[in-house]
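Scroll down for the structure; my scribbles are underneath it.
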Amino acid sequence: MSVAIPTQLYIVPTPIGNLEDITLRAIRILKEADVILCEDTRTSGRLLSHLGISKPLQSYHTFNEHQIVTNIISKIKDGTTFALVSDAGTPAISDPGFLLVRECLRNEIKIECLPGPTAFVPALVKSGLPSDSFVFEGFLPHKKGRQTRLKLLSEESRTIIFYESPMRLIKTLEQFKEYFGAERLVSVSRELSKLYEETVNGTIEEVLDKINKKGEVRGEIVIVLSGKE
Ligand code: SAM
């Protein structure tokens, strides 16, 4: 008779804005885990207190993950169950998590990733652009490698998804015009699941025009770009 191997690391997505988007399973797992690894203990602390969950929290972020991953693996081997959360959305999606998952797999530690909130899925669906096949680019490099990346992507035929900051949105769309052409279709989603959620769709030229007319860009942004025809 086979005995089920217990999961020792749970990857737990958290809301990207609307707190109602946490799943029942996510709440249960956060209640059951021995330790919750948080990208920012203050940010996650607020969510956990809203959920009435009090657990030991440990920082796990881009700047310490390389130093602490071995220690987490040895604690897992000693029987500790961890849940990993990031500030918002799904850990390991433009957030820390990949390194820990890889080390768990190398050490034959069972992991589970709960389905849950992530910004790119609603942005892709709301774009009205082909969603049967797409590439997720996340954040483009700011300086080194940016042009090479854009050149490479100019030949991509699948829908392309980018994360972007509001400060860089206009500059990025202007660069897109240069590399992909003014007539390429694009969709900009802002503040998904929040009070001021909005999506602007059109050609790059039209979307740039609409956004420029609105004035200052605020909030969190996902850009979805049509692939090359
Ligand atoms: N792990 C997250 C996920 O699963 O989507 C992504 C984290 S990444 C550090 C943060 C970026 O995700 C933001 O700069 C923005 O591009 C995008 N994002 C997060 N929340 C968003 C929201 N509510 N609306 C639009 N974009 C969002």
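The values are calculated or read from the model by the stated rules, or taken from the named source; none is laboratory data. None of the values given here were measured: they were computed from a predicted structure. Cβ coordinates were reconstructed from backbone atoms using ideal geometry, including for glycine residues, and neighbour counts include every protein chain displayed.
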Original post:
Scanning the stretch 70-88 for residues that are in a loop (DSSP other than H, G, I, E, B) and of a type in the set (D, E, K, R), which turns out nearest to the ligand (Cβ to nearest atom)?
Top reply: ASP87
Subject >> Any chance LYS31 is within 23 Å of PRO115 (Cβ to Cβ) and either outside any helix (DSSP H, G or I) or within 16 Å of the ligand (Cβ to nearest atom) (or both) >> reply: no
Subject >> Check on GLY17, outside the structural domain of GLU197 (by TED's automatic domain parsing), part of a loop (DSSP other than H, G, I, E, B) and more than 14 Å from the ligand (Cβ to nearest atom) >> reply: no
Subject >> All positions within the stretch 34-63 that are more than 19 Å from the chain's Cα centre (by Cα), assigned to a loop (DSSP other than H, G, I, E, B) and free of Cβ contacts under 8 Å to residues at least 24 places away in the same chain >> reply: GLY52, SER54, PRO56
Subject >> Evaluation of LEU105 against (1) surrounded by 19 or more Cβ atoms within 10 Å (Cβ to Cβ); (2) away from the ligand (no atom under 14 Å from the Cβ) (one fails), failing number >> reply: (1)
Subject >> Selected residue (criterion: farthest from the chain's Cα centre (by Cα)) from residues of the stretch 115-134 that are outside any helix (DSSP H, G or I) and buried (at least 18 other Cβ atoms within 10 Å of the Cβ) >> reply: LEU129
**OP:** Just give me the residues in the stretch 149-192 being within 16 Å of the ligand (Cβ to nearest atom) and surrounded by fewer than 16 Cβ atoms within 10 Å (Cβ to Cβ), in sequence order.
**Re:** SER165, PRO166, MET167, ARG168, ILE170, LYS171
Original post:
Do the conditions hold for GLN67, that is, is it surrounded by fewer than 19 Cβ atoms within 10 Å (Cβ to Cβ) and part of a strand (DSSP E or B)?
Top reply: no
Subject >> Sole exception among (1) surrounded by 15 or more Cβ atoms within 10 Å (Cβ to Cβ); (2) more than 11 Å from the ligand (Cβ to nearest atom) for ASN212, by number >> reply: (1)
Original post:
For the stretch 137-160, what are the residues that are assigned to a strand (DSSP E or B) and without any contact (Cβ under 8 Å) to a residue 40 or more places away in the chain?
Top reply: GLU137
Original post:
Looking at this structure, is ALA92 modelled with pLDDT of 95 or more, surrounded by 15 or more Cβ atoms within 10 Å (Cβ to Cβ) and on the phi > 0 side of the Ramachandran plot?
Top reply: yes
